Amino acid sequence: MKNQTLLKTIFFLLVAGTINLLTSCDKDEDPPARDQFLGVFTVVESCGSGNDTYEIIILESGTNANAIIINNLYDWEESASASISGNNVTIPSQLLDGITFSGSGSISGNTLTINLSVSTGDASDNCNLICTRK
């Protein structure tokens, strides 16, 4: 009888130890996809209306792990929201201080490329932005 109790106790301890070992191992989780987009970028912008060079700052958005905020897009000193999926960014249509912005792009290494559409009630502009992380 004592041997059975001792065997059950040893078995329980082995099972509990194995479960604890398996659940306590931290897996190295990949950082959120948006992390590769965060930071300060120098922008070289080519638009139908002309060319410009300026900086944007991309920050985390508090709404979810796939959301970012792009400050100073189009050198407009406004903040545009965007969503991330893998290496791709989508800027949904949004009205910022009288101008409608929308676009999409992708990042590779330290270079973010964005195709941006900008419009007001009577004018529109299509731009290509090459953004290089500082």
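The values are calculated or read from the model by the stated rules, or taken from the named source; none is laboratory data. If you're wondering where the values come from, they're calculated on a predicted model, not measured in any experiment. Every residue, glycine as well, gets a Cβ built from its backbone with ideal geometry; the counts of neighbours run over all protein chains shown.
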_Check on L59, part of a strand (DSSP E or B), at pLDDT 95 or above and touching a strand residue (DSSP E or B) at 6+ places or on another chain (Cβ under 7 Å)_ = yes
*Hey, does region 8-29 have a residue that's at pLDDT 65 or above and either on the phi > 0 side of the Ramachandran plot or aliphatic (A, V, I, L, M) (or both)?*
no
*Any idea how many residues of region 32-54 are more than 11 Å from I70 (Cβ to Cβ), out of contact with any Leu (no Cβ under 6 Å at 6 or more places or on another chain) and either of a type in the set (S, T, N, Q) or outside any loop (DSSP other than H, G, I, E, B) (or both)?*
16
*Tell me which residues, restricted to region 54-74, are acidic (D, E) and either under 12 Å from the mean Cα position of the chain (by Cα) or under 13 Å from I114 (Cβ atoms) (or both).*
E60
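When you scan region 74-134 for strands (runs of 3 or more DSSP E) that lie fully inside it, which ones turn up with 2 or more residues that are within 14 Å of F41 (Cβ to Cβ) and out of contact with any strand residue (DSSP E or B) (no Cβ under 8 Å at 6 or more places or on another chain)?
Filter on region 74-134 gives an empty set.
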